[in-house]
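Right, one structure below, let's go through it.
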Amino acid sequence: MNLHEFQGKSILESYGVAIQKGIVVDDASQTLDAAKQLTAETGTEWYVVKAQIHAGGRGKGTIEETGSHGVEIAKGIDKVEGVVKGILGGHLETAQTNGVGKLVA
């Protein structure tokens, strides 16, 4: 079964399991609104941006085009869109992608 992290969290949450809040964006133009919503709901000023691909080791993986990793921290709402742009649309290479990389869509 192939589930993305956000899908697994949704299933767990439906059974009452506490999860960290997150918002999926598939276009960088949605980033600022999502960050503002997370800040309103949680009070956070830091954002963890995670590539959603079917491969482990995303935090150690690298986006070929930008040099970003598959998991990055944006330390402020003014930085989150740049972090998303560094991940979204790139090809993430991890130990599980066999040197080919997977598109972060």
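The values are calculated or read from the model by the stated rules, or taken from the named source; none is laboratory data. Everything numeric in this text was worked out from a predicted model, so none of it was measured. Quick reminder, even Gly has a Cβ in these numbers, built from the backbone with ideal geometry, and neighbours come from all protein chains shown.
Can you name the residue in the range 39-55 that is closer than 17 Å to Lys79 by Cα and either part of a loop (DSSP other than H, G, I, E, B) or of a type in the set (Ser, Thr, Tyr) (or both) and, of all such residues, is farthest from the chain's Cα centre (by Cα)? Checking each candidate, the answer is Gly43.
Hey, any hits in the range 13-25 for a residue that's closer than 20 Å to Ala105 by Cα and not in a loop (DSSP other than H, G, I, E, B)? No, the range 13-25 contains no residue that is closer than 20 Å to Ala105 by Cα and not in a loop (DSSP other than H, G, I, E, B). Here Lys36 clears all of (1) over 13 Å from the mean Cα position of the chain (by Cα); (2) assigned to a loop (DSSP other than H, G, I, E, B); (3) surrounded by 12 or more Cβ atoms within 10 Å (Cβ to Cβ) except the condition numbered (2).
Looking at the structure I just gave you, is Lys60 over 13 Å from the mean Cα position of the chain (by Cα), of a type outside the set (A, V, I, L, M, F, W, C) and assigned to a loop (DSSP other than H, G, I, E, B)? Yes; evaluated as a whole, the condition is true for this residue.
Selection of first residues in the range 81-95 that are without any contact (Cβ under 8 Å) to a residue 60 or more places away in the chain and of second residues that are among the small types (Gly, Ala, Ser) and not in a loop (DSSP other than H, G, I, E, B), restricted to Cβ pairs under 7 Å at least 6 apart or on distinct chains, gives the following pairs, ordered by first then second residue: Glu81/Ala28; Val83/Ala74; Val84/Ala28; Lys85/Ala28. Filtering the range 78-103 to residues that are closer than 11 Å to Glu64 by Cβ and aliphatic (A, V, I, L, M) leaves Leu92, Val100, Leu103. Scanning the range 74-105 for residues being surrounded by 13 or more Cβ atoms within 10 Å (Cβ to Cβ), under 16 Å from Val25 (Cα atoms) and hydrophobic (A, V, I, L, M, F, W, C) gives a total of 8. If Gly56 satisfies all but one of (1) at pLDDT 95 or above; (2) surrounded by 11 or more Cβ atoms within 10 Å (Cβ to Cβ), what's the number of the condition it fails? With respect to (1) at pLDDT 95 or above; (2) surrounded by 11 or more Cβ atoms within 10 Å (Cβ to Cβ), Gly56 is out only on (1). Scanning the range 1-23 for residues that are among the β-branched types (Val, Ile, Thr), exposed (fewer than 14 other Cβ atoms within 10 Å of the Cβ) and touching a helix residue (DSSP H, G or I) at 6+ places or on another chain (Cβ under 8 Å) yields a single hit, Ile19.
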